[in-house]
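Have a look at the structure below before the remarks.
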Amino acid sequence: FGQRGSVHGSYTLGKVTDYGQAGSRINRDHAFDYPDQHEFELYKAAADWDIRHRVSIMGLYHLPSPAAAGPLKAIFGDWTLSSALIIQSGMPFMVVNRAAFNPVRDATGRVTGYRPGSGDFNADGHNYDYPNPPATDFNRKYTNQEYIRGLFTAADFPLPTPGTQGTLKRHPYWNPGMINLDAAVIKNIPLDMLGERGKLQLRFEFFNVTNRVNLRGVDGSLTSGTFGRSTSTYDPRIIQLGARIMF
């Protein structure tokens, strides 16, 4: 808009794949070895931070000021509006059993299986094991209410035979997406004591202006009481007031 302002927009189509991140059963940490080192490729999937679609729109506009000097210009002059809109798809999550290792041992101490609730299906001494795939295909789009009520239950995922790893793939499902609009109203007031370049800036900033409910990730732990549900949100609308002197 000439010297009045500008609008910038972008769309990003992205894909990030890896073999696992630290802090999960599938990673390169020594304490969390891969369930099967001979089938390394089975664990290649979308990374934790993979965002497939993202739209960003940013705008800045300087409102016209009254031409004549005086009270009207002092009040209504030098106002600026700015905003940033982010729309993005959700990141992936996996379904695993995070419960503690709870083995069954024979008289010699050899591990022969696991007790109900154990996170170690293949009896290798580590939890974070996978179940088998469900009979229902749950990989589809969901509403916020469906994420809150729950996408599935632990009973939907068959457990593998004791001593074996489940065949469910890593990161087969997707968390809720996000839509967030931030905005700011800025007033610049000249300060004669600091010369032509001195000004007092008043800032009225609004985060998540529409107060949209942006859900956090789904609980993918099979033994959790909130398994399959999103039970928390990102910040609601926040209003922030600020002032600073610039020179």
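The values are calculated or read from the model by the stated rules, or taken from the named source; none is laboratory data. As the structure is a prediction and not an experimental result, all values here were calculated from the model. Virtual Cβ from ideal backbone geometry, glycine too; neighbours counted across all protein chains shown. Heavy atoms of the whole protein, side chains included, go into the accessibility calculation; ligands, DNA and RNA do not. Shrake-Rupley method; radii C 1.70, N 1.55, O 1.52, S 1.80 Å.
Identify all residues within region 198-242 that are modelled with pLDDT of 95 or more and of a type in the set (Ser, Thr, Tyr); write none if there are none.
Selection gives Thr210, Thr226, Ser230, Thr231, Ser232, Thr233, Tyr234.
Taking the condition β-branched (Val, Ile, Thr), touching a residue at least 40 places away in the same chain (Cβ under 8 Å), in contact with a Gly (Cβ under 8 Å, 6 or more places away or on another chain) and open to solvent by 50 Å² or more (accessible area, probe 1.4 Å), does Thr223 pass? Even if it seems obvious, please write down each step before you answer.
On the way: β-branched (Val, Ile, Thr): yes; touching a residue at least 40 places away in the same chain (Cβ under 8 Å): yes; in contact with a Gly (Cβ under 8 Å, 6 or more places away or on another chain): yes; open to solvent by 50 Å² or more (accessible area, probe 1.4 Å): yes.
Against the criterion (β-branched (Val, Ile, Thr), touching a residue at least 40 places away in the same chain (Cβ under 8 Å), in contact with a Gly (Cβ under 8 Å, 6 or more places away or on another chain) and open to solvent by 50 Å² or more (accessible area, probe 1.4 Å)), Thr223 qualifies.
Within the set of pairs 6+ apart or on separate chains, which have a first residue in region 1-23 that is among the aliphatic types (A, V, I, L, M), a second that is open to solvent by 50 Å² or more (accessible area, probe 1.4 Å), and C-beta atoms under 6 Å apart?
From region 1-23, the pairs are Ala22/Asp29.
Among the residues of region 86-108, is any open to solvent by 50 Å² or more (accessible area, probe 1.4 Å) and modelled with pLDDT of 90 or more?
yes
Against the condition at pLDDT below 90 and either touching a Phe, Trp or Tyr at 6+ places or on another chain (Cβ under 7 Å) or under 30 Å from Gln165 (Cβ atoms) (or both), how does Val55 come out, does it pass?
Numbers: at pLDDT below 90: no; either touching a Phe, Trp or Tyr at 6+ places or on another chain (Cβ under 7 Å) or under 30 Å from Gln165 (Cβ atoms) (or both): yes.
Taking the combined requirement at face value, the residue does not satisfy it.
Could you tell me whether Asn188 is over 30 Å from Asp18 (Cα atoms) and open to solvent by 50 Å² or more (accessible area, probe 1.4 Å)?
On the way: over 30 Å from Asp18 (Cα atoms): yes; open to solvent by 50 Å² or more (accessible area, probe 1.4 Å): no.
Judged against the criteria, Asn188 is not a match.
Is it the case, given these coordinates, that Gln21 is surrounded by 13 or more Cβ atoms within 10 Å (Cβ to Cβ), modelled with pLDDT under 95 and out of contact with any Phe, Trp or Tyr (no Cβ under 7 Å at 6 or more places or on another chain)?
For Gln21, the condition - surrounded by 13 or more Cβ atoms within 10 Å (Cβ to Cβ), modelled with pLDDT under 95 and out of contact with any Phe, Trp or Tyr (no Cβ under 7 Å at 6 or more places or on another chain) - is met.
Out of curiosity, is Ser232 without any contact (Cβ under 8 Å) to a residue 40 or more places away in the chain and under 25 Å from Gly20 (Cα atoms)?
Values: without any contact (Cβ under 8 Å) to a residue 40 or more places away in the chain: yes; under 25 Å from Gly20 (Cα atoms): yes.
Yes, satisfied.
Starting from residues that are in contact (Cβ under 8 Å) with a residue 12 or more places away in the chain and farther than 18 Å from Ser6 by Cβ, keep the ones in region 48-73 and report whichever is most open to solvent (accessible area, probe 1.4 Å).
Only one residue tops the list, namely Trp49.
Which condition from (1) open to solvent by 60 Å² or more (accessible area, probe 1.4 Å); (2) part of a loop (DSSP other than H, G, I, E, B) is the one that Phe206 breaks?
Tallying (1) open to solvent by 60 Å² or more (accessible area, probe 1.4 Å); (2) part of a loop (DSSP other than H, G, I, E, B), Phe206 fails exactly one: (2).
Quick one: how many residues across region 41-72 are assigned to a loop (DSSP other than H, G, I, E, B) and either of a type in the set (Phe, Trp, Tyr) or in contact with a Leu (Cβ under 6 Å, 6 or more places away or on another chain) (or both)?
Going residue by residue through region 41-72, those that are assigned to a loop (DSSP other than H, G, I, E, B) are 44, 47-52, 63-70.
Restricting the remaining residues to those that are either of a type in the set (Phe, Trp, Tyr) or in contact with a Leu (Cβ under 6 Å, 6 or more places away or on another chain) (or both) gives 49, 66.
Residues in region 41-72 being assigned to a loop (DSSP other than H, G, I, E, B) and either of a type in the set (Phe, Trp, Tyr) or in contact with a Leu (Cβ under 6 Å, 6 or more places away or on another chain) (or both): 2 in total.
Given the residues Thr143, Thr210, Thr161, which is the only one that is farther than 26 Å from Gly20 by Cβ and without any contact (Cβ under 8 Å) to a residue 12 or more places away in the chain? Talk me through it step by step, then tell me what you get.
Details: Thr210 fails: without any contact (Cβ under 8 Å) to a residue 12 or more places away in the chain; Thr161 fails: farther than 26 Å from Gly20 by Cβ.
Within the list Thr143, Thr210, Thr161, the selection yields Thr143.
Can Pro172 be described as within 29 Å of Tyr234 (Cα to Cα) and in contact with a Gly (Cβ under 6 Å, 6 or more places away or on another chain)?
Numbers: within 29 Å of Tyr234 (Cα to Cα): yes; in contact with a Gly (Cβ under 6 Å, 6 or more places away or on another chain): no.
No, not satisfied.
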